[in-house]
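Heads up: the structure comes next, in structure tokens.
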Amino acid sequence: MGFTTLGEFILDKQSDFPGSSGDLSSIISSIRLAGKIVNQQINKAGLAKHILGWAGSENIQGEQQQKLDVYADEQFRKALENRKMVCGIASEEEDDFITFDNNNKDAKYVVMIDPLDGSSNIDVNVSIGTIFSVYKRVTPVGTPVQLEDFLQPGTAQVAAGYIVYGSSMMLVYTTGHGVNGFTYDPGIGVYFLSHKNMKFPEDGRIYSINEGNINSCEKGVQDYVKYCQEDDKATNRPYSARYIGSLVADFHRNLIKGGIYVYPATSKNPNGKLRLLYECNPFAFIAEQAGGIATDGKRRIMEIQPTELHQREPLFTGSKNMMNKIASMM
Ligand code: AHM
Ligand code: MG
């Protein structure tokens, strides 16, 4: 019937990595499984009172965690540990990295994960997501995993992707050979290839920024937003403002329709709000693989050398021509 499942696709694409052990494929498979489990709970969130509300603990950024954050964190951790291909993970929800050394001594990969991004949207029934990225460890296999295994620049990513829990669940990922998207059919429990070789349209007319912060953004960002709002028939302006406040959903829409997402430095968050390892780098890898651009306003995101696990960076990402325009104003 011409339908390709994610499982078939992963097997087929193993030939992109001649001589590979299939470990990376196994990591993607564990994420697809945990995604299904988390999706099931998210779909019940409005029903299950016990899932809503606060878990009562705080993460390292001082933000309150909701129960589903904790649940998602556990599911992805367990799924990744079970496959034995990962020696450690760093999660946006955990203060420090977690090592799987006891069980997975010979594993050569580490995974960074934001298990439930945009979680403030859960109790208002708005799309949320999971973001992940995979690196090869830099310290020797068989020794305890170290902080330096996690503090690698985005250019070292071997895979990155996201799951959007929206009107449908979708998994979108890259291993450096383009970007492909898979839509989940809950009736049979299978993801199908629905968005082959995804590309950002070169031009777009959607801008996504929290405009409530505009007065405390730098002048280049303010000028660009004014530019988006001007009337100009030739360039099809004014553009449309669309901001869900769920990075995964905002990025996903812009990837499909053409647009730009900006979370700049503000006076409240002088380094922006988003985390380099869990949010900026994976989206930068996906954006570049899809023909888009990702910067911190000046530097290419993927070339930034991280110095700490929970480091924040401004993020500007999207369609090439929109990104070039904002860059010319910064
Ligand atoms: P979170 O990881 O705590 O959920 O925060 C990240 C989210 C992004 O999904 C979203 O783009 C951004 O925070 C929205 O922030 P703001 O409310 O400041 O616009
Ligand atoms: Mg997040």
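No value in this document is a laboratory result; all are computed from the given coordinates. What you see is a predicted model; the values in this text were computed from it and never measured. A quick note on method: Cβ atoms are made from the backbone with ideal geometry, for glycine too, and the neighbour counts reach across all protein chains shown.
Comparing GLY142, GLY189, GLY292 in a Gaussian network model of the chain (Cα springs below 10 Å), the most mobile by mean-square fluctuation is GLY189. Loop-resident trypsin sites (Lys or Arg not before Pro) (DSSP state other than H, G, I, E or B) in the range 77-153 with no more than 14 further Cβ atoms inside 10 Å of their Cβ: LYS105.
Using C-alpha pairs under 8 Å with a sequence gap of at least 6, the mean separation divided by the residue count of the range 222-264 gives a relative contact order of 20 percent. Among GLY22, GLY181, GLY212, the largest mean-square fluctuation in a Gaussian network model of the chain, built with springs joining Cα atoms closer than 10 Å, belongs to GLY212. Two numbers describe the Cα atoms of the chain: Rg and Dmax, which are 19.3, 63 Å. Here the range 236-307 was treated as a single set of alpha-carbon atoms; its pair distances binned every 10 Å from 0 give 17, 52, 28, 3, 0 percent.
Packing here is the average count of other Cβ atoms within 10 Å per residue, and on that basis the peptides 259-272, 110-123, highest first, run 110-123, 259-272. Quarter the surface of the alpha carbon convex hull of the range 81-164 and you get the mean projected area, 6.0 square nanometres. Net charge near LEU6, counting Lys/Arg +1 and Asp/Glu -1 over other residues with Cβ under 12 Å of its Cβ? Every neighbour counted, the sum reads 0.
Each label point was placed 7 Å from the Cα along the Cα-to-Cβ direction; for GLU308 and ASP185 their separation is 4.8 nm. Dividing the summed helix terms, -39500 (n - 2.57) for each DSSP H run of n ≥ 4, by the number of residues in the chain produces a 222 nm estimate of -8500 deg cm²/dmol to the nearest 500.
For the range 192-205, backbone phi angles converted through the Karplus equation (6.51, -1.76, 1.60; θ = phi - 60°) give residue-by-residue couplings of 10, 5, 10, 10, 7, 6, 5, 10, 4, x, 5, 10, x, 9 Hz, Gly and Pro being listed as x.
Take every Cα pair under 8 Å whose residues are at least 6 apart in sequence, average their separation, divide by the length of the chain, and the relative contact order is 15 percent. Ordering PRO306, TYR278, PRO140 by Cα displacement along the dipole of the chain toward the positive end leaves TYR278 in first place; charges were set at the Cβ atoms of Lys, Arg (+1) and Asp, Glu (-1).
For ARG205, ARG300, ARG275, the sequence from fewest to most other C-beta atoms within 10 Å is ARG300, ARG205, ARG275. Potential lengthening of the chain between THR155 and ASP106 amounts to 15.3 nm, from the contour at 0.36 nm per residue minus the alpha-carbon distance.
Between the beta carbons of MET330 and ILE37, assuming R0 = 30 Å, the FRET efficiency works out to 0.10 to the nearest 0.05. Taken along the Cα-to-beta-carbon direction at a fixed 7 Å, the label points for ASP12 and SER267 span 5.4 nm.
Ranking of ASP95, ASP223 by neighbouring Cβ atoms within 10 Å, starting from the fewest: ASP95, ASP223. Debye-formula intensities of the range 179-330, expressed as log10 I(q)/I(0) at q = 0.11, 0.20, 0.21 Å⁻¹, are -0.42, -1.26, -1.36 (one equal scatterer per alpha-carbon, no solvent).
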